[in-house]
Structures are given as C-alpha cells and as structure tokens.
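Asker: So that we are looking at the same thing, I have put the structure below in structure tokens.
The values are calculated or read from the model by the stated rules, or taken from the named source; none is laboratory data. Note that the coordinates shown come from a computational prediction; the quantities given were computed from them, not determined experimentally. Reconstructed Cβ throughout: ideal geometry from the backbone, glycine too, with neighbour counts over all protein chains shown.
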Amino acid sequence: MTNKIKIATTSLAGCFGCHMSFLDMDERLVDLADIIEFDRSPFTDIEHCSPCDIGLIEGGVCNSENIHVLREFRKNCKTLIAVGACAINGGLPALRNFVKLEDCLLEAYRDGIGVDNPQIPNDPELPLLLDKVRPIHEIVKVDYFMPGCPPSADVFLAFLTALIEGRDPSLPYKLIHYD
Amino acid sequence: MLTTFLQKVLTEADYQPFRLLGMLRKVQAQYQHIPPEAIDSLAEALNIPRTQIIAVVEFYSFLHLTPQGRYDILISNSITDQMLGNDQIISYLSSTLNVKLGEVRDDGLVSLNHTSCSGMCDQGPAGLINGYPLPRLDPPKIDRIVALIEQQTPLTEWPPELFHVEEIIHKPGLLLTQAFNNGDALHATFTRGLAETLAEADLSNLRGRGGAGFKTALKWRTCSQQAATPRYVICNADEGEPGTFKDRMLLDLYADQVFEGMTVCAAIIGSNQGLLYLRGEYLFLYEKLLDVLQQRREQGLLGTNILGRAGFDFDIEIRMGAGAYICGEASAQIESLEGKPGIPRTKPPNSVMCGYQRKPTVVDNVETFLASTHIAIHGGQWFADIGTPQSTGTKLLSISGDCARPGIYEYPFGVSIREILQDCGASDVMGVQVGGPSGTFISNRELDRVLAFEDLSSAGSFMVFNSTRNIFDIARNFTDFFAHESCGFCTPCRVGTSLLKQQLHKIIDGHGSAADLEELSELCLVVRNNSHCGLGESAANPILTTLASYPDLYLKQLKHQEFSPGFDLDATLNVARRMAQRDDPSAHLMQVEN
Amino acid sequence: MSGTLTIDDQIIPFSDGQTIIEAARTAGVYIPHLCHRPGYSPHGSCKLCTVFVNGRQCSACTFPAADGQKVISTNEDMQQDRLRITQMLFVEGNHFCPSCEKSGNCQLQGVAYHLNMLDNHFPHFYAQREMDASHPDILIDHNRCIFCNLCVRASRDKDGKNVFAIAGRGINKRLIINSPTGKLKDSDISMDDCAAHVCPTGAILIKHTGYQVPIGERIYDHQPISQVACDTEADHDE
Ligand SMILES: Cc1cc2nc3c(=O)[nH]c(=O)nc-3n(C[C@H](O)[C@H](O)[C@H](O)COP(=O)(O)O)c2cc1C
Ligand code: SF4
Ligand code: SF4
Ligand code: SF4
Ligand code: FES
C-alpha cells in the first residue's frame, strides 16, 4: 500500500556500531520515518530480504553465511551501500588476516587456554570461515560507500537524503573520516 | 674459507663499491647465495651500508639471500618458449630430478625456477644452468643433463655442445655484409677529423636502436659539449626485451665492430672509459669478449695512444647484469653500474649531462655502435640512402615464434610486415608482436604496416603467432612479465602492474563481466599515464594493443552478466572445510549465485 | 633562472632552482604529494604530484620550474588518476585507520580525504607484513609503509646515519633497517632523529604519544591537507 522507501540493513562481520550510529540520527530519524520503512534489519524481525530500494551493509565478509546474506541483499536492493570501515576494507575483524586461518582455528578450538573437548566444530549448520576477511566490494558490486568507524549520523543522513531525493550522494570534507 | 674468497673477490674488484654487483655475482656462484657474513664483510670492506647490499641482492633475480641448488636451473618463460612447450620441459625436469618448480631439492644439489626471456627465443625451449645457456631443450637432452647433475659432474666437464648457442642469420643486409678490418673506422675517423665524422653521423640520421630512437649524433654532440669530465661511453647490452637476441649475435660474431663503434664515440665525445653492460643471461659471451678486448689492446685499438694518436686513451670494461629487465633503461643501467638496484633516475638531468658517476655519459645500444662504425667508414649519405627519411638505414630483427625460419634478419627500414613474414616462412598468421611486450601487437589485418620509427618501431623483437594461438596466453604472459620486472619505485607501476595482472587474469579465468573490462581499460591508462619510466609507460601495451586488435575476443571472454569475485570463492573455504572435515553442500560456495 | 609560470591559469613567480611544487607552495598553491617534503631532496616516486607541463606529464616535485611554463595541475581526469594512485597505496599495504594512532594526522589519509576517496576501489593485496616494536621509543608498522623514502632520506641526509633503505623489487618492496639483526633496536636511530618523525603515515611512530590529541581533534579533522600543506609544512623545516 505504501510507496515508502524500503530499506534493509544487516551486519556481517561487524560490531553493530554502524547500526548504533544510524540510530544516532535521533529525532531526524523520526522525520525520516514518514518516508522510509525497514525490511530485513536488526530493527525488524523480517528474516529475508524482499525487494528494497536501499540495502545497508555493515561489516566485512568472514564466513560463508555472510556471502549468502550479502548476495541476498545484492539481489533485492536497488542500491547497495557499504557502511563503515569493516564493509569497506575488512576493518578490525580483518586483523585476523595476519594469522593463518589454520592457526586461528587450532588456537580457538584445540590449543587455546581453557579449551575442553578440543575439536573443530563440524556441524553442517555452522557457517565455514573464509581464509580471509574481505571487504564486500570483492564479492558483489557495491554502489556507494559510507566511510567511518562508524560513519556518523550526519553521514547516514547525507546519504539517505540524497538517495531519497534521487541525487548521487556525496560528502562534504568535514564528514569524510576513516576513523 | 669465506674470508679468503671475499678477499680475492674484493681485490679483483679493486675494492670499488661500484663493482658490487660483480662481486655479489661471484659470491652467488660460489656459495649459491649471499650469506649474511658476506654481507657484513663486504659492507665493512667497501664502507657502504649493509642495507645497500641487501637491497641489491633482493633487486636482481639471479642473486639470493637463501641458498639455491648447486645446479641452479632456470627455464625461460618467454611466450615463444611457452609455445615451444616449456611447461612440458619443466614437468620433465621436475619429475626426473625430483624437484618442484620454485624449490631447491632437499639435498641442495639442484633447484628449478622460471626466468624471464633468456635471449634464445630462436632456439627454445631454452634455459640456463648456473648462468650458462641450455638451448633447444628436449627430453633426450634433459636425460643427459640429469645424469651429469646426479653424478655431480662439474659444468666445465660437460659436453660443450649442450651449451652451444647457434647464431642463425637468415638475411644479412647492409651492416652484416660489410667487409671490416679492425681499425678501419678509427683510421677513417682520424683521417676525416672528429668534427667531420660527427657531421657524417649527423648526416646519416642514425637513430638509436635500443627503442627510443633518439638521434645518435645529437646525443654525442651534446655530451661532447659538456664541461664536466671524465665522460663515459656505455654500450647497452642488456637486451632484456623478450624475443630479442640480435645483440647477442652481434657480440658473439661482430664484437670488434661494436667495440670500435664505442671507441669512435669515445674519440668524438672525449672519453677515456667505456663500459659494456652485458646482461647476466649472456655469461657465455663474457670470456670471449674479454679476449676480443685483449686482442684490441694488443692491436693498439684500445689502451693508451690509440693507433698512435697521442693522448687518445680509451679502454672498455665489461660489467654483468644479474636478471633485471629494467636495467636496460639507460639511467637504471647507470645505477646498476654504480653498484645499486636498477631504479631509473629522475629526469632532468638526462644521463648525457649527468650519467655514470654523475658525469656526462653516452649510453647506446649495441646495434647503434655497430652502425656508427660503418657510418664512420662509409660516411653518412651511404647510410641515409637506405630506409625512409625518418628512419634511415637498416634494422636487425630477431624473429621467433610461429615461422619456419626463426633467427636474425636485417631489413632496410620501411619494409612491410607482410614481406618479413613471407621471408621467415610464417603462414596462417593471427598476429605479430612488433617490439616485444613493450611494443605493439598487430592483427593479421594490419600486415601492410611498415617497420619504421614513424609506424611500427622495434628494438629488435619480432614474434609471430599463428591462428592456433590464444590471444590471452600472449597478453597474460606479457602482463605477468611487466609485473615481475617492475622495479617498484613508483606507485602506478609497482601496484598498477600487479593490479593489471590480477584484473586480466580475472577476465581470462572467466570471472569477468562488462564492468571488469571497463575497469581494466581504465587501469591501463592510469598506469601508462602516471608511471616514472618507459617500463610503466608500456606495461599496459599488451592489453591495450590486443584489445584494440581483437575486441570481440575480449567481449566473448566476459562470462558473467553481474559482478563476480576475482578469485576462486569456493577455494577460500578450503582450509575451514578440511579442518572441519566437511564436504556437505553447504560447505561450498558457488562463484556466482545461480 | 627566475620568472613566472602558470598553474591552472594562476600566474606564480618562482626563483632559481625551484621545482614546480616548491614554486607552487611558495605561492600557496597546493599540489597533492606524499613523497615530497620541503627541505628534502626530490624523489618523485608516489606520482601523486603528476601535472601536465606544456602538455607532457611530469612529477611536479622533481621537475624544474621554468619561465613561461604552462602547468595544469587540477582537472577532473587528473584528480581521478590521483584518486586511483591513492587507492593503490591503500590496497597495497594494510590500512585500518580506526586502529591506527596516526589517524587524523596522516598525510596519506589527508590526501585521500582531499580527493574525496570513499572506498579502496581495488581488490586488496592482503600483504603479510610485520611490526617492529623492538625499540623502546619508536615503532615500525610495515603494514602502513608507502615507500615514500622520506625516512631513508631523513636518516641519510639529515641525521647522517643511513638507518633505513628500501629493498625488494616490484610489489615485493620492503623497508629494511640497517642493523645486524634487522631490528630497529639494534640500529643507531634515536628519538631526536629526523627519521623518527618524518613518516607521512603511521608506519613510523613514536611510542607512548599516540593519543595525546584525541581523535576528532587532529590536523586533518579540521583542515583539508590542501590548506595544511601550504600553511604549516613550510615552517616545519626551514
Ligand atoms: C624498460 C626499458 C628497457 C630497455 N631495455 C633496453 C635494452 O635492453 N637495450 C637497449 O639498448 N636499450 C634499452 N632501453 C632503452 C634505453 O633506455 C636507451 O634509450 C638506449 O639504450 C639508448 O641507446 P640508443 O639511443 O642507441 O637506442 C630500454 C628502455 C626501457 C624503458
Ligand atoms: S615505471 Fe615501473 S619500472 Fe619504471 S620506475 Fe616506476 S616502478 Fe620502476
Ligand atoms: S597510516 Fe594513515 S592511512 Fe594508514 S592506517 Fe594509519 S591513518 Fe590510516
Ligand atoms: S616508513 Fe614512512 S617514511 Fe619510511 S618509506 Fe615508509 S611511509 Fe615513507
Ligand atoms: S610528491 Fe612528487 S612523486 Fe611523490
């Protein structure tokens, strides 16, 4: 019944910090609420993405599940946005790239201090880890990037307003931060 | 042991830091690597930072910080060697010697690796063992080699024919057929006068044969007008462009005429010292060339008071490269000659004004000196009468690839590609690479183009591909070559050539979509337009020119509608799958979503 | 020789021996750069300062200024090339700004902000590089080195020490340290050396000083590098 702008959001290998920052829009969010609605998102309990206008991806890609979710978003969202440092370059989770995955797993499940029942989980329900944490643009086409760790509420606002108004989003100097 | 060895090496090099590369070559040959103690001792003895030595070792492919095999085998990875089956050669070597490509066998006896073009594309598949050439490798020959290695027979006792490099000249022309007696050009020069001989060089309109085509007489004149002394003459025999081997032939068969050209140049610019920068791959010529130099000294053609001319002293030293294509670039070569990594200098100043040891220096190609010798004898008009007005004289071509008669050909400039192909017995031609990877790929629709600076210029490489060849094998081989040979000094080439490689592989491996081709083209221009030297400027040529010739093939190679990852997605789960001992469907990923 | 040249239609004077970038800075015109620093010998490797001089591409940091020169420094294509070159530097190493002490004061970042760089564009190289925390006061994080060679020049030309060098070839370049162990602690670097302070990125850091100025209040948080470079870089060294 609506022609509200449909937005889906998700956090892959991220910390939900970007989502928190999104909520930091506070009262400005209330203004937006009249024109946007959320599809799949931690803010709703919708489990799968349906066709949307905008998809916001927080976090990089660290396991097979992330790949499936990312693809679901790419398939359903007209515009896909990488939100935050982790989605853009892997961010903090990518620090594990300095350690071989094999050693990570052994340390976590076999050799680490306090591990009882040392065994690498093999439940087919569990997603497998990729050899590296990767930024999302290496897996799917990404339309826009919102830098920041997290991007400030102002950045969200600038992007969303531009997109809602049908403009190409851009950021003034003071809103570009990588930290 | 090491100490006495280093003492000897240092003494032979007269403790001169600029001979560092040569010293390290000797240490490498003796110890199969550069041991840390050698780095320390050399740094101290030469009074240079140890970091300079490490930087040099890491820069040159033939020097190593970790031991290679006592028999170190390198197989040429030029596209023509690839076409002649270097892969099978490597597998055969690998299985008979029980050593993997890129590794040293456990007992340290043998190591096996790729190398960039070894300068024997007319007699591939070729390789090097401890720096010496192994042309025309095939299984029977390999069996002999393997036996000799396993018996640990010293290289000096191997049958010489294993190393025999043939010099196949199919079409000698103006220069290669001229009669010549040692001293002819020097006599002519002195008789005519130095200024007059330079004027003849000017009249000849000779342009450099090393690629850039700079007017030789102008370079010599500028150098002679510099106030600073001493001045140097450098003969560039780095010949690293894949597919070229004419300088090898010239130094093998016409060395006197090349050295005489250098000596004429020295007389004109007022130089007392010449250097021949000989690529590491041509080690087999080293002793022979030393002998030629010695004879010339004995004939009064080198040394002091040359040909009795009081005060005209000139001698030539040979210094060897150690596996770095970039050292063919004149200023990188000068750096290398000074005992440093071969990183191209910033211009201005040009090396003519500020070259070797920051002194005025002429760097010319081997063939340029050969031509100069004959111009000094016969005069400029004789040369200018041949070729085209902008490209006078003749050009030596090294022809390889799909043709009946690979080898050396000498043509007047202006000859059509079609005629060359007929002469060398090429049929069913799909394309020709003129000028090596840094040159131009042309399709069979462009065979009426001509060899000349104003159309297709070549420093000597001419590779023929017939219709059974895959354009992507060619583009990939060349693109990988540049990524491997980039000196890494400047960002656009250091990072850009590796990105070009990745992006091209992505498309060739079938992971590309339309956006990837656009990305590739854009990247080509960034690398070409922003790089520091000719290597980066030409590194995108293989992609740009094959794309221009066969755009439809590239378009057909774009296998995806949508963006797909540039790497094997499923393979990124290999480790996790293995460790969780899983192989169920959800333990796999499709490259693209279906 | 002295006289005037034009940069993007602006006429600026230059004095004898100046490079284009020096003339530009004196006149308050910013040309993006990373391997150049006033008072240091020109190097010309990052290629961010690429400009057109009389129609040819040159590095402004090495090319001598000359009378009547027409320099084009800023147009859309050139900014785009600079963006791509900057992105190359980001994917070549490992730059995680949120966990980098230099963030906000980093010239690489500053240039990226200036060029409106929102993403890394290229696939990452995932380079395996180390940290050298051996020295009590100075930290090297090789992940952030962009091979600008400034520390090499600083140590050699200003400190007279030769602590640093750049080794390797092509994409395998690496910064090496002149000490028997290859570790910084065994080199003769000291806290007062220019080389310890010259790094434009977070590759060489002075320990225990990282967060004296909080994130958000740092140099490029307030001012674009195009202003900072012309205002302050000059005072630094001369
Ligand atoms: C990457 C690169 C490799 C080169 N390799 C060679 C070479 O192997 N031999 C050569 O004579 N010139 C080579 N050149 C050209 C030299 O820089 C220089 O122009 C030439 O030696 C000058 O001699 P000429 O005027 O006689 O041609 C190379 C240039 C570049 C940029
Ligand atoms: S273009 Fe390539 S080879 Fe030339 S200086 Fe730059 S990195 Fe080195
Ligand atoms: S060095 Fe600069 S660009 Fe790199 S991580 Fe640190 S702040 Fe970011
Ligand atoms: S450590 Fe810093 S100053 Fe030294 S080369 Fe790397 S980026 Fe430049
Ligand atoms: S600033 Fe000129 S090349 Fe780096």
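Asker: Would you check if B:VAL362 is of a type in the set (A, V, I, L, M) and buried (at least 24 other Cβ atoms within 10 Å of the Cβ)? So that I can check it myself, show each step before the final result.
Answerer: On the way: of a type in the set (A, V, I, L, M): yes; buried (at least 24 other Cβ atoms within 10 Å of the Cβ): yes.
When the stated conditions are applied, B:VAL362 passes them.
Asker: Here's a follow-up. Report, by residue number, each residue of region B:336-352 that is among the basic types (Lys, Arg) and at pLDDT 95 or above.
Answerer: The initial filter retains those residues of region B:336-352 that are among the basic types (Lys, Arg), namely B:340, B:345, B:347.
If the condition is that a residue be among the basic types (Lys, Arg) and at pLDDT 95 or above, then B:LYS340, B:ARG345 are the ones that fit.
Asker: Do we find that A:ASP53 is surrounded by 15 or more Cβ atoms within 10 Å (Cβ to Cβ) and over 25 Å from B:THR572 (Cα atoms) in this structure? Steps first, please.
Answerer: Working: surrounded by 15 or more Cβ atoms within 10 Å (Cβ to Cβ): yes; over 25 Å from B:THR572 (Cα atoms): yes.
Yes.
Asker: Please work out which residue is nearest to the other protein chains (Cβ to nearest Cβ), limiting yourself to region B:506-533 and to residues that are in contact (Cβ under 8 Å) with a residue 60 or more places away in the chain and within 26 Å of B:GLU562 (Cα to Cα). Explain how you work it out, then say what you get.
Answerer: Just the residues of region B:506-533 that are in contact (Cβ under 8 Å) with a residue 60 or more places away in the chain, to begin with: B:506, B:511, B:532-533.
With the extra rule that they be within 26 Å of B:GLU562 (Cα to Cα), the set shrinks to B:506, B:511.
Details: B:LYS506: 9, B:HIS511: 11 Å.
Only one residue fits best here, namely B:LYS506.
Asker: Can you tell me which of (1) touching a strand residue (DSSP E or B) at 6+ places or on another chain (Cβ under 7 Å); (2) within 14 Å of chain C (Cβ to nearest Cβ) is the one B:SER549 doesn't meet?
Answerer: Checking B:SER549 against (1) touching a strand residue (DSSP E or B) at 6+ places or on another chain (Cβ under 7 Å); (2) within 14 Å of chain C (Cβ to nearest Cβ), the one that fails is (2).
Asker: With the structure loaded, tell me whether C:LEU108 is within 16 Å of ligand 5 (Cβ to nearest atom), in contact (Cβ under 8 Å) with a residue 60 or more places away in the chain and in a helix (DSSP H, G or I) or whether it fails that test. First the steps, then the outcome.
Answerer: Working: within 16 Å of ligand 5 (Cβ to nearest atom): yes; in contact (Cβ under 8 Å) with a residue 60 or more places away in the chain: yes; in a helix (DSSP H, G or I): yes.
Yes.
Asker: Looking only at region C:173-198, count every residue that is among the charged types (D, E, K, R), without any contact (Cβ under 8 Å) to a residue 24 or more places away in the chain and touching a helix residue (DSSP H, G or I) at 6+ places or on another chain (Cβ under 9 Å) and tell me the total.
Answerer: The first filter runs over region C:173-198 and keeps only residues among the charged types (D, E, K, R), leaving C:173-174, C:183, C:185-186, C:188, C:192-193.
In the following step, the residues that additionally are without any contact (Cβ under 8 Å) to a residue 24 or more places away in the chain were identified as C:192.
Next, from what is left, pick out any that are touching a helix residue (DSSP H, G or I) at 6+ places or on another chain (Cβ under 9 Å): none.
The total comes to 0.
Asker: Additional query: If only one of A:GLY148, A:GLY112 is more than 7 Å from every other protein chain (Cβ to nearest Cβ), more than 19 Å from A:ALA8 (Cα to Cα) and at pLDDT below 95, which one is it? It would help to see each step written out before you state the result.
Answerer: On the way: A:GLY148 fails: at pLDDT below 95.
Selected residue: A:GLY112, the only one of A:GLY148, A:GLY112 that is more than 7 Å from every other protein chain (Cβ to nearest Cβ), more than 19 Å from A:ALA8 (Cα to Cα) and at pLDDT below 95.
Asker: Could you run through region B:341-355 and say how many residues are surrounded by fewer than 24 Cβ atoms within 10 Å (Cβ to Cβ) and more than 16 Å from ligand 5 (Cβ to nearest atom)?
Answerer: 6
Conditions tested, residue by residue: (1) within 29 Å of B:ASP252 (Cα to Cα); (2) in a loop (DSSP other than H, G, I, E, B); (3) within 14 Å of chain C (Cβ to nearest Cβ).
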{"residue": "B:LYS340", "(1), (2), (3)": "yes, yes, yes"}
{"residue": "B:ARG345", "(1), (2), (3)": "no, yes, yes"}
{"residue": "B:SER351", "(1), (2), (3)": "yes, yes, no"}
{"residue": "B:CYS354", "(1), (2), (3)": "no, yes, yes"}
{"residue": "B:THR368", "(1), (2), (3)": "yes, no, no"}
{"residue": "B:SER372", "(1), (2), (3)": "yes, no, no"}
{"residue": "B:ALA376", "(1), (2), (3)": "yes, no, no"}
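Asker: Separate question: Would you say C:ALA154 is of a type in the set (Gly, Ala, Ser), modelled with pLDDT of 95 or more and within 16 Å of ligand 3 (Cβ to nearest atom)? Write out each step before concluding.
Answerer: Values: of a type in the set (Gly, Ala, Ser): yes; modelled with pLDDT of 95 or more: yes; within 16 Å of ligand 3 (Cβ to nearest atom): no.
No.
Asker: Quick one: which residue in B:GLU281, B:GLU260 is of a type in the set (Asp, Glu), under 29 Å from B:SER76 (Cβ atoms) and in contact (Cβ under 8 Å) with a residue 12 or more places away in the chain? Even if it seems obvious, please write down each step before you answer.
Answerer: Values: B:GLU260 fails: under 29 Å from B:SER76 (Cβ atoms).
Testing whether each residue is of a type in the set (Asp, Glu), under 29 Å from B:SER76 (Cβ atoms) and in contact (Cβ under 8 Å) with a residue 12 or more places away in the chain leaves just B:GLU281.
Asker: Which of (1) within 14 Å of chain A (Cβ to nearest Cβ); (2) more than 20 Å from the chain's Cα centre (by Cα) is the odd one out, the single condition C:GLY68 does not satisfy?
Answerer: Answer for C:GLY68: the failing condition is (1).
Asker: Can you tell me how many residues within region B:286-335 are in contact (Cβ under 8 Å) with a residue 24 or more places away in the chain and within 16 Å of ligand 2 (Cβ to nearest atom)?
Answerer: Final tally of qualifying residues: 13.
Asker: Output the residue which, of all residues in region C:151-186 that are among the charged types (D, E, K, R) and touching a Lys or Arg at 6+ places or on another chain (Cβ under 8 Å), is nearest to ligand 2 (Cβ to nearest atom). If you could, list the steps in order and put the result at the bottom.
Answerer: Pass one, region C:151-186, residues among the charged types (D, E, K, R): C:153, C:156-159, C:161, C:169, C:173-174, C:183, C:185-186.
Checking the rest, the ones that are also touching a Lys or Arg at 6+ places or on another chain (Cβ under 8 Å) come to C:173-174.
Values: C:LYS173: 9, C:ARG174: 15 Å.
Top of the filtered list is C:LYS173.
Asker: List the number of the failed condition for C:VAL53; all other conditions in (1) in contact with a helix residue (DSSP H, G or I) (Cβ under 9 Å, 6 or more places away or on another chain); (2) facing another protein chain (nearest Cβ under 10 Å) hold.
Answerer: So C:VAL53 meets the others, but not (2).
Asker: Which of the residues belonging to region C:178-206 are crowded, with 21+ Cβ neighbours inside 10 Å and within 14 Å of another protein chain (Cβ to nearest Cβ)?
Answerer: Answer for region C:178-206, where residues must be crowded, with 21+ Cβ neighbours inside 10 Å and within 14 Å of another protein chain (Cβ to nearest Cβ): C:ASN178, C:LEU184, C:SER187, C:ILE189, C:ALA195, C:PRO200, C:THR201, C:GLY202.
Asker: Residues being over 17 Å from the mean Cα position of the chain (by Cα) and assigned to a loop (DSSP other than H, G, I, E, B): count how many of those fall in region C:152-204.
Answerer: The number of residues fulfilling the criteria is 20.
Asker: Wholly within region C:1-67, which strands (runs of 3 or more DSSP E) include no fewer than the required count, namely at least 2 residues that are of a type in the set (Val, Ile, Thr) and outside the structural domain of C:GLN107 (by TED's automatic domain parsing)? Quick ask: steps written out before the conclusion?
Answerer: On the way: elements: C:3-7, C:10-14, C:50-53, C:56-59.
Output list reads C:3-7, C:10-14, C:50-53.
Asker: Right, here's the next one. Within region B:50-67, is even one residue under 20 Å from B:PHE245 (Cβ atoms) and among the aliphatic types (A, V, I, L, M)?
Answerer: Within region B:50-67, the subset under 20 Å from B:PHE245 (Cβ atoms) is B:61-62.
From the residues that got through so far, the ones that are among the aliphatic types (A, V, I, L, M) too are none.
No: region B:50-67 contains no residue that is under 20 Å from B:PHE245 (Cβ atoms) and among the aliphatic types (A, V, I, L, M).
Asker: Can you tell me which condition C:PRO98 does not meet? The list is (1) within 14 Å of chain A (Cβ to nearest Cβ); (2) in contact (Cβ under 8 Å) with a residue 12 or more places away in the chain, and all the others hold.
Answerer: Status for C:PRO98: all satisfied but (2).
Asker: A follow-up question, please. Just to be sure, is C:ARG84 more than 16 Å from ligand 4 (Cβ to nearest atom) and at pLDDT below 95?
Answerer: Working: more than 16 Å from ligand 4 (Cβ to nearest atom): yes; at pLDDT below 95: no.
So C:ARG84 fails the test.
Asker: Would it be correct to say that A:GLU107 is over 27 Å from A:MET20 (Cβ atoms), modelled with pLDDT under 95, surrounded by fewer than 21 Cβ atoms within 10 Å (Cβ to Cβ) and facing another protein chain (nearest Cβ under 10 Å)?
Answerer: Numbers: over 27 Å from A:MET20 (Cβ atoms): yes; modelled with pLDDT under 95: yes; surrounded by fewer than 21 Cβ atoms within 10 Å (Cβ to Cβ): yes; facing another protein chain (nearest Cβ under 10 Å): no.
Answer is no for this residue.
Asker: Restricting to region B:556-576, and then to whatever is in contact (Cβ under 8 Å) with a residue 24 or more places away in the chain, over 15 Å from A:ARG134 (Cβ atoms) and not aliphatic (A, V, I, L, M), can you tell me which residue is farthest from the other protein chains (Cβ to nearest Cβ)?
Answerer: B:GLN557
Asker: Related question: Within region C:114-125, does at least one residue satisfy the condition of being in contact (Cβ under 8 Å) with a residue 24 or more places away in the chain, surrounded by fewer than 17 Cβ atoms within 10 Å (Cβ to Cβ) and away from chain A (no Cβ under 12 Å)?
Answerer: no
Asker: Do the conditions hold for B:PRO551, that is, is it at pLDDT 95 or above, out of contact with any Cys (no Cβ under 6 Å at 6 or more places or on another chain), more than 30 Å from C:VAL51 (Cβ to Cβ) and surrounded by fewer than 20 Cβ atoms within 10 Å (Cβ to Cβ)?
Answerer: Working: at pLDDT 95 or above: yes; out of contact with any Cys (no Cβ under 6 Å at 6 or more places or on another chain): yes; more than 30 Å from C:VAL51 (Cβ to Cβ): yes; surrounded by fewer than 20 Cβ atoms within 10 Å (Cβ to Cβ): yes.
Considered against the rule, which asks whether it is at pLDDT 95 or above, out of contact with any Cys (no Cβ under 6 Å at 6 or more places or on another chain), more than 30 Å from C:VAL51 (Cβ to Cβ) and surrounded by fewer than 20 Cβ atoms within 10 Å (Cβ to Cβ), B:PRO551 comes out as yes.
Asker: Filter region C:200-217 for residues that are within 30 Å of C:ILE177 (Cα to Cα) and within 15 Å of ligand 3 (Cβ to nearest atom) and give the result.
Answerer: Restricting attention to region C:200-217, the residues satisfying the condition of being within 30 Å of C:ILE177 (Cα to Cα) are C:200-213.
Passing the criteria: C:PRO200, C:THR201, C:GLY202, C:ALA203, C:ILE204, C:LEU205, C:ILE206, C:THR209, C:GLY210, C:TYR211, C:VAL213.
Asker: Filter region A:56-90 down to residues that are aliphatic (A, V, I, L, M), away from chain B (no Cβ under 14 Å) and over 20 Å from A:ASP131 (Cα atoms), then give me how many there are.
Answerer: So in region A:56-90, the residues aliphatic (A, V, I, L, M) come out as A:56-57, A:61, A:67, A:69-70, A:80-83, A:85, A:87-88.
Add one more test, that the residue is away from chain B (no Cβ under 14 Å), and what stays is A:56-57, A:81, A:83, A:85, A:87-88.
Still in the list and also over 20 Å from A:ASP131 (Cα atoms): A:56-57, A:81, A:83.
Qualifying residue count, region A:56-90: 4.
Asker: Here's a follow-up. Inspect region C:139-150 for any residue being facing another protein chain (nearest Cβ under 9 Å) and either at pLDDT below 95 or away from ligand 2 (no atom under 16 Å from the Cβ) (or both) and give the result as yes or no.
Answerer: Within region C:139-150 (the criterion being facing another protein chain (nearest Cβ under 9 Å) and either at pLDDT below 95 or away from ligand 2 (no atom under 16 Å from the Cβ) (or both)), the answer is yes, since at least one residue qualifies.
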